[in-house]
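The values are calculated or read from the model by the stated rules, or taken from the named source; none is laboratory data. Note that this is a predicted model, so its numbers are computed, not measured. Positions of Cβ are generated from backbone atoms using ideal geometry, with glycine treated the same way; all protein chains shown enter the neighbour counts.
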Amino acid sequence: MATPAAGASPSPIRPARPAGRLGSEEFNSGALPTAQEAAILYAANHSGAATSLLKSEIKDGVGRNNKQAWLMLFDLHQIAQNRQEFDSLSMLFTVKFEQSPPVWAEGGDAANDPRRNQSRERKDFFALKPSAAGELLTEIEKFRAFTEAQGTVRLDVAKVSAITAEESLAFAKALIALRKKHMPMWFNNFDSLEKVLRAAFNERATAEQRPFWILLFEIYILLGKMDQFEELGLEFAVAFEMSPPNWEVYVNKVAADAVRATAAAKTAAAAPAAPPEAGFELKGVISPASSNQIAELNAYAATRPEVVVDMGKVLRVEFGFTAAFFDVVKAIQLAGKRVILTNLNEINAALLEAMGVNRYAILVRRKST
């Protein structure tokens, strides 16, 4: 290739960006279009950088014809509740494309403000972790008070790598008290805590070790692991030469209601005169904290040949969770299902295209104009 002569005008074509992957071997690699690069910045919670990149794109001699970039800017201004920027962009859009711009969704309408859904989803999340002094007793008290104040809790124990007998007993008492109050609770990473507790069992059981057993019994009750509870009961009886605790049934009312609603939807879908389903609705920021939503989606997909997922209330898919979300969609499609992700805004659609999700699902954008 010939070298451009000195003083020659630069080419309007941007140089290709370095190749890269998005966290999975199956994701596309190579230079990304500006829209997809902006979508990834937004997914990584860099909305300011994404906005700047898109603003530069629509001012560029070539990029100003990129209608997708304009629509993504509208999305970002709407999410940021920046009405002034939205209206200014609307005037430019109308002149440029000679058509009506997207309509501003009033912030008072919760259905059109995905940040409100995100707040509802994550306000009851509590990560139990050691204090600065390395102890858990104070944090356990905070957990119990937090749960009673919120009325529900999504508890993550991934940071608990060690626990004392005193802390185990306090934690067990807190969980038992909340269970007796029929508090809706969800749990993340309890498998890791089970390993910590198992490691605390010595070959020769002592009274000092009993709190570790009590906590593990309670964990099995909360997780509905009756078989493991009974196996632990046999070990306890042999180790301490006394009867183990009795099995009790814990029902998470919120989760149970969701299961009943899913069953009712399945029955309604089976009726010949039933109208088409609106689909399974995802909400907020899709991240590791969304494990309950993903589990419910998988349960929903298990009974259907066609899986419609309404993405209208999804604020964003967190960049660190993109590979996991890709795998969820792929697994559903490889199970013989037809997957449709509908009601996507432009910025989330661009991210899913960058991830390669469109190879396993049909992406349907919402009407922008």
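A few remarks follow.
- Residues (among the hydrophobic types (A, V, I, L, M, F, W, C) and surrounded by fewer than 17 Cβ atoms within 10 Å (Cβ to Cβ)) located in segment 56-88: 62, 80
- Inside segment 79-88, residues that are assigned to a helix (DSSP H, G or I), without any contact (Cβ under 8 Å) to a residue 60 or more places away in the chain and within 31 Å of the chain's Cα centre (by Cα) make up a count of 4.
- Every pair of residues 6+ apart whose Cβ atoms lie under 6 Å, when the first sits in segment 89-107 and is closer than 13 Å to residue 72 by Cα and surrounded by 13 or more Cβ atoms within 10 Å (Cβ to Cβ) while the second is modelled with pLDDT of 85 or more and of a type in the set (Phe, Trp, Tyr): 93/70; 101/93; 102/74
- Qualifying residue in segment 160-175 (condition: surrounded by fewer than 19 Cβ atoms within 10 Å (Cβ to Cβ), in contact with a helix residue (DSSP H, G or I) (Cβ under 8 Å, 6 or more places away or on another chain) and acidic (Asp, Glu)): yes
- Close pairs from segment 326-338: first under 15 Å from residue 352 (Cα atoms), partner among the polar types (S, T, N, Q) and not in a helix (DSSP H, G or I), Cβ under 6 Å, at least 6 apart: 326/24
- Among residues of segment 39-76 being of a type in the set (S, T, N, Q) and under 28 Å from the mean Cα position of the chain (by Cα), the one that is nearest to residue 96 (Cα to Cα) is 68.
- Cβ pairs under 8 Å, 6+ apart, first in segment 59-77 and on the phi < 0 side of the Ramachandran plot, second β-branched (Val, Ile, Thr) and outside any helix (DSSP H, G or I): 62/13
- Within segment 319-369, restricting attention to residues that are charged (D, E, K, R), over 25 Å from residue 302 (Cα atoms) and outside any helix (DSSP H, G or I), the residue that is modelled with the highest pLDDT is 366.
- Look at (1) of a type outside the set (A, V, I, L, M, F, W, C); (2) at pLDDT 90 or above; (3) farther than 18 Å from residue 347 by Cα and you find that residue 48 fails only one, number (3).
- Of all the numbered requirements in (1) in a helix (DSSP H, G or I); (2) closer than 20 Å to residue 124 by Cα; (3) acidic (Asp, Glu), residue 281 misses one, and that requirement is (1).
- Helices (runs of 4 or more DSSP H) (entirely within segment 147-241) containing at least 3 residues that are free of Cβ contacts under 8 Å to residues at least 12 places away in the same chain and out of contact with any Asp or Glu (no Cβ under 7 Å at 6 or more places or on another chain): 190-199, 226-240
- Selection from segment 317-335 of residues that are acidic (Asp, Glu) and crowded, with 18+ Cβ neighbours inside 10 Å: 318
- Looking only at segment 289-313, and only at residues there that are under 21 Å from residue 79 (Cβ atoms) and in a helix (DSSP H, G or I), the one that is farthest from the chain's Cα centre (by Cα): 293
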